[in-house]
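The values are calculated or read from the model by the stated rules, or taken from the named source; none is laboratory data. Being a predicted model, the structure only gives us computed values, none of them experimental. Here the Cβ positions follow ideal geometry from the backbone for every residue, glycine too, while neighbour counts run over all protein chains shown. Protein only, heavy atoms only, side chains kept; ligands, DNA and RNA dropped before computing areas. Shrake-Rupley method; radii C 1.70, N 1.55, O 1.52, S 1.80 Å.
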Amino acid sequence: MAHNHHEPFFKALLRGYLQTFKNIFKNSSIFTTMVLSIVLYSFFYPTAYKAETAENLPIIIVDEEQSFLSNTIISQVAKSPNVKIAEVTGNFEHAKQMIQQQKADGILLLPENLSNSVMRGETGGIGLYLSSAYFLKTKEIGVGLGTAIENTIAEQMQKFGKVSHFHPAIPIHQIPLFNTLSGYGSYIFPAIAPLIIHQTIVLGLCMLIAGYREQKWRAKAPEFFGIYLAALSIGCMGCFYLFGFTFWLNDYPRGGNFWGMLFAVPIFISCVIAMAMVLASYLDISERAGHLIVFTSIPLFLLSGAAWPLQTMPTWMQHFSSILPSTQGINLFIQLNQMGVPSSTIVPKLIYLVCLTFVLMILAYYRLSNTYKK
């Protein structure tokens, strides 16, 4: 990417900007990574979680009493969309074997003295045993069975209300503020979307710049900032596409703080670009860029705190995660898009990203303009 030393800066900058786009589109691997993959991911990820919640999960009911009350509870459970009764048995050991063989995800135990317990106003007796192999299933089975049992017991208690001093506890109503459907897709994709942009920019830019360095390239200022602006354009368009069209298409929570999101996107993308340029300055061939992505995507997501609370991680890991642009970006856009926090709340994150961008850009320019050695 040579240029005329007497060429005006802004003209050379525009040429570098357009040349970067040309090189990205010319290289099918980089074009697929930075542009096409965003479109593919926008349909691929949400499709896997289209149903939002798990339904018709198989359970075993162990009916030891076989009374009118237990039959009523079974009828109520059968109406729940969350669960599907795989079998009704009187043998608890048989039910345990079904769970161990993964033929069911839960056991509802209706004990022998169930009716007497309800008449005496006792709250214990009913047993619920859930397989913890898949926490989403566990939660949905608990919700389905809990609602059915609560309704049935409440009806029975009205019948026995005159002979018992028992009063059912006031039910707790859970009202989600941001993920109104309590759906897995509405939870996972808004968290993964900034990381998709992060990883595609890092991989694509590393491939592009490492390819230049194979040709003994040294960055001049117009070329350097031309690459930055081209990547910024692609990254911002990718963010707006995911946060706008994809969130709308799948009816995910969105638009909480629209203007704050518009302002934050170029800041986040700039930081990711600067980090990618620094990483690229250490690569000798473009194929090395793939090594960065293979082992970083899952750790970066886990360190964001979206999958597991950061507060439960070791202190050193919490501090390390706060340094990463991906952690700041994921939390930043969940706050803006889903929670709708005021812009003043996210100012500290933006200040950090801006400062980190300046530091990394200076380091990247120094390395790319002064060395091309392997």
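Could you state the principal axis extents of the C-alpha atoms in the range 250-366, from the largest down, to the nearest angstrom?
43, 32, 30
Determine ³J(HN,Hα), in whole Hz, for all residues of the range 94-102 in sequence, where each value follows from phi through the Karplus function 6.51 cos²θ - 1.76 cosθ + 1.60 and θ = phi - 60°; x replaces Gly and Pro.
Residue by residue, the range 94-102 yields 5, 5, 4, 5, 5, 5, 5, 8, 6 Hz.
Between residue 323 and residue 362, how high is the FRET efficiency from 1/(1 + (r/R0)^6) when r is the Cβ-Cβ distance and R₀ = 22 Å? Nearest 0.05.
FRET efficiency, residue 323 to residue 362: 0.80.
Show me the ranking of peptides 219-231, 349-361, 189-201 by mean Cβ neighbours inside 10 Å, starting with the highest.
189-201, 219-231, 349-361
Mind pulling up the Rg/Rh value for the range 212-259? Radius of gyration and Kirkwood radius, both on Cα.
Checking Rg against Rh, the ratio lands at 1.27.
Sequence-distant or interchain residues sharing an amide H contact under 5 Å with residue 218, placed H: which?
Correct list: empty.
Could you check the simple spin-label distance between residue 258 and residue 295, using points 7 Å along Cα→Cβ, in nm with one decimal?
If labels sit at residue 258 and residue 295, their model points lie 4.5 nm apart.
Under a point spin-label approximation (7 Å from Cα along Cα-to-Cβ), what is the residue 25-residue 71 distance to one decimal in nm?
7.3
Dividing the convex hull volume of the alpha carbon atoms of the range 213-296 by its residue count, what do you get in Å³ per residue?
That works out to 123 Å³ per residue.
Go ahead and run the numbers for FRET between residue 217 and residue 307, Cβ-Cβ distance against an R0 of 51 Å, rounding to 0.05.
According to the calculation, E is roughly 0.85.
Applying the Karplus parametrisation 6.51 cos²θ - 1.76 cosθ + 1.60 with θ = phi - 60° to the phi angles of the range 23-32, what ³J(HN,Hα) value in whole Hz is obtained for each residue in order, glycine and proline being reported as x?
5, 5, 5, 6, 8, 4, 5, 5, 4, 5
Distance in nm between label sites at residue 315 and residue 339, each 7 Å beyond Cα in the beta-carbon direction?
Roughly 2.4 nm, to one decimal.
Can you pull the percent of the range 252-306's accessible area that's carbon plus sulfur, 1.4 Å probe, other chains left in place?
On the range 252-306, the fraction of accessible area on carbon and sulfur atoms equals 74 percent.
Quote the FRET efficiency, to the nearest 0.05, computed for residue 241 versus residue 94 with a Förster distance R0 of 45 Å and r equal to the Cβ-Cβ distance.
The calculated FRET efficiency here is 0.30.
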